[in-house]
């Protein structure tokens with residue numbers, strides 16, 4: 001028989017591994033401990049809890065992005081492709097004021113939308129966007145975490161707002 005401490009360790013390792021599998025294959029993992037055994041079941045379904053029942057956002061959205069850290073504004077175009085609650089697409093920032101254009105991945109749950117765009121991996125690794133859909137507009141905030149080297153060189157965390165409409 002395993003001790004309680006062993007159960008906790010096995011449970012935590014199993015949970016970590018199953019959540020990793022969940023993220024990779026979009027399955028819902030059901031998990032429970034039954035006395036001295038771990039009972040694990042997986043049901044292959046579209047993501048229901050994290051990215052489900054989202055409103056339709058597919059298509060081209062245009063607006064502005066404002067970097068509050070540097071008080072700079074640039075035109076913004078986001079093109080979403082949608083598969084259920086899963087999103088992918090392209091984000092384009094116009095002008096030279098702001099950088100961060102490129103592919104995006106994310107999800108929408110109800111009216112809440114979150115997505116990430118890749119950084120240049122020199123000054124920042126990624127940009128994390130979160131917003132809310134309201135009819136034909138999406139507005140929200142974003143946050144840019146600098147790389148450790150960039151922090152060492154004095155680059156701050158950057159935050160800002162965005163607003164786009166169809």
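Suppose R0 equals 22 Å; then what is the FRET efficiency for residue 79 and residue 118 from their Cβ-Cβ distance, rounded to the nearest 0.05? Walk me through the numbers before you get to the answer.
Details: r = 16 Å, r/R0 = 0.71.
Calculated transfer efficiency: 0.90.
The simple spin-label model puts a point 7 Å past each Cα toward its Cβ; for residue 155 and residue 62 those points are separated by 3.0 nm. Inter-part distance, the stretch 117-160 to the stretch 53-75, computed on C-alpha centroids, equals 12 Å. At a threshold of 8 angstrom on Cα-Cα distance, excluding pairs fewer than six apart, so keeping six or more, what relative contact order does the stretch 70-166 reach in percent? Computed value for the stretch 70-166: 18 percent relative contact order.
Taking 0.36 nm per residue of sequence separation and removing the Cα-Cα distance, the residue 139/residue 97 pair yields an extension gain of 13.1 nm. Taking N as the residue count of the stretch 59-165, its C-alpha radius of gyration divided by 2.2 N^0.38 Å amounts to 1.04.
Rule-based calculations on the coordinates, nothing more; no lab input. Quick caveat, the model's predicted, so the values are computed rather than measured. Note that each Cβ is placed from the backbone with ideal geometry, even for glycine, and that neighbours are counted across all protein chains shown.
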